[in-house]
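Asks: One structure, as structure tokens, below. Some questions next.
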Amino acid sequence: MSTTTTAKTGKYEAPTPAGRPGAYGLRTRCLTPFEVLSQSIAVIAPSASMAAIIPLAYASAGNATWLAYLVTGIGLILVGLNVNQFTRKSASPGSLYSYTTMALGPAWGVFVSWGWLVAYIGCGIALAGAAANFMLLLFGSPTGAVWPYIAYAVAVLVPWYIAYRDIRLSTRLMLILEF
């Protein structure tokens, strides 16, 4: 994958796989198999929460908890099978919104991409807020405490910088945090 600056315009050209202009897909040989595995494990961690919240599910669903998990599991399998069909045709760095665009058109692709953006921002805000809350619990909550603000900034900026700086470091860190 190469990045170039054109001599005529002096503008930066986006990197493309194998240096081919207009090529589409993910850059090859960027991550080792171990790093891809660690990224996969880190991404499926939210599904592990399904096992951790069984008592809460039981409190809501009672004896129908097994049915709720069965229906949810079947739904997850069906979604995975559908995504698998698209990934066989295109290894896209654009996530599910690229597949939605291919299947349903650009309007639905934009709708899904905005949904993903809102979900990512919402999760980031919630996690940074949790970090600030933990700092309040850890160091007390005196009036005018700066710890929550520092924790909030660190919880937002450090992961952003690590992901921006080096994807390999990011994937290794995700695996370490999962363990």
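The values are calculated or read from the model by the stated rules, or taken from the named source; none is laboratory data. Keep in mind that this is a model prediction, so the values were computed, not measured. Backbone-built Cβ (ideal geometry, glycine too); neighbour counts: all protein chains shown. The accessibility values were calculated without ligands, DNA or RNA, using every heavy atom of the protein model including side chains. Shrake-Rupley method; radii C 1.70, N 1.55, O 1.52, S 1.80 Å.
Asks: Looking at the range 48-66, I want the residues that are within 17 Å of L76 (Cα to Cα) and of a type outside the set (K, R) and have a partner that is modelled with pLDDT of 80 or more and open to solvent by 80 Å² or more (accessible area, probe 1.4 Å) with Cβ atoms under 6 Å, at least 6 apart or on another chain. Which pairs are those?
Replies: That search, which allows pairs on different chains as well, returns T65/Y58.
Asks: Provide a single number: the residues in the range 122-165 that are closer than 30 Å to T32 by Cα and open to solvent by 60 Å² or more (accessible area, probe 1.4 Å).
Replies: Matching residues across the range 122-165 total 11.
Asks: Suppose we filter the range 64-79 for residues that are open to solvent by 70 Å² or more (accessible area, probe 1.4 Å) and among the aromatic types (F, W, Y); how many remain?
Replies: Total meeting the criteria: 1.
Asks: Still on this model: Any idea which of S113, S90 is open to solvent by less than 80 Å² (accessible area, probe 1.4 Å) and in contact with a Phe, Trp or Tyr (Cβ under 7 Å, 6 or more places away or on another chain)?
Replies: Unique residue meeting the criteria: S113.
Asks: If you don't mind, there's one more thing I want to ask. Go through (1) modelled with pLDDT of 80 or more; (2) open to solvent by 80 Å² or more (accessible area, probe 1.4 Å); (3) farther than 21 Å from Q39 by Cα one by one and return the number of the condition G105 breaks.
Replies: (2) is the only condition that G105 fails.
Asks: Inspect all residues belonging to the range 80-87 and state whether any of them is part of a helix (DSSP H, G or I), within 30 Å of A155 (Cβ to Cβ) and touching a Leu at 6+ places or on another chain (Cβ under 8 Å).
Replies: yes
Asks: Follow-up. Got a number for residues in the range 92-138 being more than 23 Å from V158 (Cβ to Cβ) and of a type in the set (A, V, I, L, M, F, W, C)?
Replies: Qualifying residue count for the region: 10.
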